[in-house]
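The values are calculated or read from the model by the stated rules, or taken from the named source; none is laboratory data. Predicted model only: the values in this text are computed from it and were never measured. Here the Cβ positions follow ideal geometry from the backbone for every residue, glycine too, while neighbour counts run over all protein chains shown. Just the protein is used for accessible areas: all its heavy atoms, side chains included, with ligands, DNA and RNA removed. Shrake-Rupley method; radii C 1.70, N 1.55, O 1.52, S 1.80 Å.
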Amino acid sequence: MSEELKVPTMAQYMAEGKQPEVLFWVGCAGSFDDRAKKITKAFVKILNKIGVDFAVLGTEESCTGDPAKRAGNEFLFQMQAMTNIEVLNSYEVKKIVTACPHCFNTIKNEYPSLGGEYKIVHHTQFLKGLMDEGRLKIEGGKFKGKRITYHDPCYLGRGNGEYEAPRELLKKLDVELVEMKSCKQKGLCCGAGGAQMFKDAEKGDKEVNVHRTEEAIETKPDAIAAGCPFCNTMMTDGVKTKEKENDIEVLDVVEMIANAEDL
Amino acid sequence: MQFIPQILFLLALGFGLVFFARNVQRMRRNIKLGRDLDRSDQKDKRLSKMLRVAMGQSKMVTKPIAGTLHVIVYVGFVIINIEVLEIIIDGLFGTHRVFSFIGPAYGFLIGSFEILALLVAVSVILFWIRRNIIKIKRFILTEMKGWPKNDANYILYIELVLMILFLTMNGADLHLQQVGAAGYAHEAGVVGAFPISQYIAPFFEGMAEASVIVIERAAWWMHILGILFFLNYLYYSKHLHILLAFPNVYFSNLKPQGEFRNLEAVTDEVKMMMDPDADPFAEPEAGDEEEMPEKFGASDVQDLSWFQLLSSYTCTECGRCTAECPANQTGKLLSPRKIMMSTRDRLEEVGEGLNKDKNFKPEDDGKQLLDDYITREELWACTTCNACVEACPVGIDPLSIIMDMRQYLVMEESAAPSELNGAMTNIENNGAPWPYNQQDRLGWAEEA
Ligand code: SF4
Ligand code: SF4
């Protein structure tokens, strides 16, 4: 359980003259936010366990610029993007995986026209790929038969049309997947996107995350599954506001897989 | 004497079409105030999206009740218009049911029109009930007070009246054909089939032939004048979508919804800043000046693209976007539908200025889209979740307008909310929106 994580950096690989199979883009939340760091670690545990040859940029990674762009600061966004692209291109990176849908969307869609063309996948897509190849075996474990509802991150679902990979992973865990009133194309936002995470909400009669959490609670779940560190924070806060933190866990899909594997 | 009705008809038709052409012209002029945007690519994909979404109404039916009723009214509208062609020819040449020469198929056509007309009338009544009695929430939100509410109802009234006139006209016509009235009787007997109006025809029995002719003529005239009125009402109404839904879907965004456009002018500048060899004092290359926009983002309608302006005219004010909007659902001021309505209102105001003086500039009246029509509070409430874009049945992207206006606020006015300024400073200095040191980015790996 407490064995050390093996997290090689691109710089180390470069020094050895090697290229990893894939670059793991950790993202700001995954690097610094206490809750999101657990997701990062769960993902790395799985990668380590099945021997995926990956590396991170470590201290050479920087914000993709998503919040700046969505706040309207195109200058700052493009500065960030071009700095990152320079680093990625200097390592000749071809394939990237990330556990953050915002990083995923930005690198996938907004980097190419600035000179950064990579094949990037969301971690749920990556894990599903490993599962299809037979490298990752997922079995029920702790969540078998539990009622789980999955919250679609806007930038993975509507933004890029990926609704199935995370659901297929959950089904493999033998959970009872229950859908919220608004899901998939109609999925309701957690309230964090568009740089809202970094500011107070405008005047209204409710917080968006509480509204979404109420929809989740209506499905009477044992846990809420998410695929985004920001959604995770929002839903966790929502569950606390509703004083349900003892009944309902909020977990990333990859944490559920790691839990099932007892990692 | 006998040509007078034909001449009057020609005048009415000519007047109706000229007025309509003038409105289309004004609309084109207003839309062209917008910035360039290249949507001339991928013609096949655009065409098939148009067939699917606009013609096939694929997004309408995601709400089954409204969707089905809408498909009925839409199909009815399109098909019954074939009959309008006959009405125009009859009107111009003084003929009676000129298409009847095609034989039994004519009966089938008229019969289908009648059945559709009844279905349209029923649907329109149900639509009215949804708006005015059940008061479905998206129809009664704040931006739907006053004109937008009345507009929606007027259209329903016009459509209902048109259908009633059409059926009355047919009923009277059938009666006149049956009694062999001059100008109505055909050698072949009764032409056309009248599955619905056959129940109206008996009301005319016992009436003087001349009176029935008056009723038939009155219904005929009011029906066609009503259609000409409707055609010209469109420009002032959310009902423009019956024409503009097609080009709007055709020119809509084909890229993933998550992708926001990168501003090329910014790219050039950032490249300059990052290039150690660049000479900051170098003369700009010839032609470069044109590419540099006068301002970043949008504070008024002419800063938006022509497509966004086209969309403002296309918006049906259905509120499907607003009903899905997380900000609106939680009581924030933001409503993506209102973003589109405000854009159109401001564009019309600028258009009015241009009608009076063709050298009018949007700056001249001291008003603009930002603040006078769309407040900052609305703009900052958006989570960029794309729910509105996904929901829109006619390919409108209200989010793109919100983003363009945010860009103006941040890049031209440095007017972001202060917490956001903090986050942006952090990104600039530490490479993360929080005040952590970039050197600690791998800290998690040691924590195990
Ligand atoms: S993108 Fe903005 S305006 Fe559109 S639904 Fe989401 S929060 Fe509302
Ligand atoms: S933008 Fe689209 S969804 Fe919103 S009101 Fe207009 S037509 Fe309806």
Legend entry - Interchain or long-range residues, amide H under 5 Å from A:Ile120's placed H: A:Ile96
Inset, instruction - Could you go through the stretch B:46-52 in sequence order and give the Karplus-derived ³J(HN,Hα) for each residue, using 6.51 cos²θ - 1.76 cosθ + 1.60 with θ = phi - 60°, rounded to whole Hz, and x for Gly and Pro? - result: 5, 4, 6, 5, 5, 4, 6
Legend entry - Environment charge of B:Phe9, counting only residues whose C-beta is closer than 14 Å and scoring Lys/Arg +1, Asp/Glu -1: -1
Legend entry - Delta accessible area of at least 20 Å² on complex formation, residues of the stretch B:230-264, 1.4 Å probe, chain isolated as reference: B:Pro256, B:Gln257, B:Gly258, B:Glu259, B:Phe260, B:Asn262
Legend entry - Residues with amide H under 5 Å from that of A:Glu176, placed H, sequence gap 5 or more: A:Gly145, A:Lys146, A:Arg147, A:Ile148
Legend entry - chain B, helix-only ellipticity at 222 nm - DSSP H runs n ≥ 4, -39,500 (n - 2.57), divided by all residues, nearest 500: -18500 deg cm²/dmol
Legend entry - Environment charge at B:Arg52 (Cβ cut-off 14 Å; Lys +1, Arg +1, Asp -1, Glu -1): +3
Legend entry - Max mean-square fluctuation residue, GNM over chain B, Cα-Cα springs under 10 Å, options B:Met169, B:Met222, B:Met207: B:Met207
Inset, instruction - Pull up all non-local amide H partners of B:Ser305: gap of 5 or more, or a different chain, and H-to-H distance under 5 Å with H placed in the peptide plane. - result: B:Arg35
Inset, instruction - Using only Cα atoms, find the angle between the long axis of helix B:264-274 and the longest principal axis of chain B, and express it within 0 to 90 degrees, rounded to the nearest 10. - result: 10 degrees
Legend entry - P(r) tail fraction, the protein assembly as shown - alpha-carbon pairs more than 52 Å apart, %: 25 percent
Inset, instruction - Find which of B:Gly351, B:Asn421, B:Cys385 sits farthest along the positive direction of the dipole of the stretch B:264-436, computed with +1 on the beta-carbon of Lys and Arg, -1 on that of Asp and Glu, about the Cα centre. - result: B:Cys385
Legend entry - Accessible solvent surface per residue of the protein assembly as shown, calculated while the other protein chains remain in place, 1.4 angstrom probe, Å²: 44 Å²
Inset, instruction - State the percentage of accessible surface on the stretch B:319-384 attributable to carbon and sulfur atoms; use a 1.4 Å probe and exclude ligands, DNA and RNA. - result: 49 percent
Legend entry - Among A:Cys190, A:Cys63, A:Cys103, residue whose mean-square fluctuation peaks in a GNM of chain A (springs only between Cα atoms under 10 Å): A:Cys63
Inset, instruction - With +1 on each Lys and Arg Cβ and -1 on each Asp and Glu Cβ, and nothing else charged, work out how big the dipole of chain A is about its Cα centre, in Debye to the nearest 20. - result: 400 debye
Inset, instruction - For the stretch B:17-74 and the stretch A:1-73, compute the distance between their C-alpha centroids and round to whole Å. - result: 45 Å
Inset, instruction - Kindly tabulate the residues in the stretch A:21-50 with an accessible-area decrease of at least 40 Å² between the chain alone and the assembly of all protein chains, using a probe of 1.4 Å. - result: A:Cys28, A:Ser31, A:Phe32, A:Lys37, A:Lys41
Inset, instruction - Choose one answer from B:Gln57, B:Gln329, B:Gln42: the residue with the largest mean-square fluctuation in a GNM of chain B with alpha-carbon springs under 10 Å. - result: B:Gln42
Inset, instruction - Could you tell me the total accessible area buried at the B-A interface, probe 1.4 Å, in square angstrom to the nearest hundred? - result: 5800 Å²
Inset, instruction - Output ³J(HN,Hα) for the stretch B:364-378: one whole-Hz value per residue in order, computed from phi by the Karplus curve 6.51 cos²θ - 1.76 cosθ + 1.60 with θ = phi - 60°, and x for Gly and Pro. - result: 4, 9, x, 10, 7, 5, 6, 6, 6, 10, 10, 8, 5, 4, 4
Inset, instruction - Quote the charge dipole size of the stretch A:20-112 about the Cα centre in Debye, to the nearest 20; the model charges only the Cβ of Lys and Arg (+1) and of Asp and Glu (-1). - result: 460 debye
Inset, instruction - Per residue of the stretch B:227-239, in order, report the coupling 6.51 cos²θ - 1.76 cosθ + 1.60 (Karplus, θ = phi - 60°) as ³J(HN,Hα) in whole Hz, putting x for Gly and Pro. - result: 5, 5, 4, 4, 4, 8, 6, 3, 4, 8, 10, 5, 7
Inset, instruction - State the percentage of accessible surface on chain A attributable to carbon and sulfur atoms; use a 1.4 Å probe and exclude ligands, DNA and RNA. - result: 46 percent
Inset, instruction - Rank these by accessible area, largest first, 1.4 Å probe: A:Asp222, B:Asp440. - result: B:Asp440, A:Asp222
Legend entry - Net charge contributed by nearby residues that have their C-beta within less than 14 Å of B:Ser112 (K/R +1, D/E -1): -3
Inset, instruction - Positive end of the charge dipole of the stretch A:1-138 (Lys, Arg +1 and Asp, Glu -1 on Cβ, about the Cα centre): tell me which of A:Gly51, A:Cys103, A:Ile138 has its Cα farthest that way. - result: A:Ile138
Legend entry - For B:294-303, mean number of other protein chain Cβ atoms within 10 Å: 1
Inset, instruction - Might you report the magnitude of the Cβ-based charge dipole of the stretch B:154-255 about its Cα centre, with Lys and Arg at +1 and Asp and Glu at -1, to the nearest 20 debye? - result: 600 debye
Inset, instruction - Using protein chains only (no ligands, no nucleic acids) and a 1.4 Å probe, work out which residues of the stretch B:311-359 have their accessible area cut by at least 50 Å² relative to the chain alone. - result: B:Glu324, B:Gln329, B:Thr330, B:Lys332
Inset, instruction - Anything over 31 Å Cα to Cα? Flag those among A:Lys108/B:Lys271; A:Lys144/A:Lys199; B:Lys59/B:Lys295, in the order listed. - result: A:Lys144/A:Lys199; B:Lys59/B:Lys295
Legend entry - In the stretch B:292-362, the GluC sites (Glu not before Pro) that fall in loop regions by DSSP, at most 12 other Cβ within 10 Å: B:Glu294
Inset, instruction - Note down the relative contact order for the stretch B:303-446 as a percent, whole number, built from C-alpha pairs under 8 angstrom at least six residues apart. - result: 23 percent
Inset, instruction - Taking 7 Å along the Cα-to-C-beta vector as the label spot, tell me the B:Glu363-B:Tyr236 distance in nanometres, rounded to one decimal. - result: 3.3 nm
